[in-house]
Amino acid sequence: MNKIVILFLLISSCGFQKIDKKVPPPPPELVEYIEEFERYYSVKIDYSVDFEDLTYPAVGVCRIYGFGLPEVRIDRSFFEEYKDDYYTIHNVLWHEFGHCSFRLGHDNATLPLIGYPTSIMYPYVFGMSDYYADNIDYYEEELDHRRKNSIMEFEADSECTIKYHIPIKPTRVTPDKTKYNRKKKHEGKDNE
Ligand SMILES: [Zn+2]
């Protein structure tokens, strides 16, 4: 009898829990990022994206349940700290969407000579580095290439977190450009 009860609890906690839940709208602060991702990759994020108090050093998580919709959670205090840093938030969200939308796994590889991550699917945040901002087009395209080639598939029924990490120092390249606000750049174009 006990065995039956335990089995039921396990299934209900990771298999069927999310099926019939309506997807709540994302927080307004994240809408712009979500829409940008949807436009760029021509996909619809039809699952829940929200803030949550995650356990340090995790700052974002994609949870995929067996038969239900996945969900992305961003650590509330991390967002508060970095909400004005477009690229850091971009890095965390794109990474989690890479898991939840494309079922991609992690990649620890770094670019030869440069020393920065090969992919947004690197398991630590590096969006606060100038290198990320300066090479944003590369990273967005790399993610597209990765999903089309299904590199390192993400396993369903598992949980995957991205963790806060001090930016990696480059070994050869010293980025010296100051960060610029990408949103302002886009707005400027729209007004032209
Ligand atoms: Zn991850």
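Miscellaneous remarks
- Filter result (assigned to a strand (DSSP E or B) and out of contact with any Ser or Thr (no Cβ under 8 Å at 6 or more places or on another chain)) within region 105-147: Y124
- Residue among S129, S150 that is under 27 Å from V61 (Cβ atoms) and either surrounded by fewer than 19 Cβ atoms within 10 Å (Cβ to Cβ) or at pLDDT below 85 (or both): S150
- Scanning region 55-70 turns up no residue that is within 27 Å of Y131 (Cα to Cα), in contact (Cβ under 8 Å) with a residue 40 or more places away in the chain, of a type in the set (A, V, I, L, M) and more than 12 Å from the ligand (Cβ to nearest atom).
- Members of region 89-110 that are more than 12 Å from the ligand (Cβ to nearest atom) and modelled with pLDDT of 95 or more: I89, H90
The values are calculated or read from the model by the stated rules, or taken from the named source; none is laboratory data. Owing to the predicted nature of the structure, the values given are computational and were not obtained by experimental measurement. Using ideal geometry, Cβ is built from the backbone for each residue, glycine included, and neighbour counts are taken over all protein chains shown.
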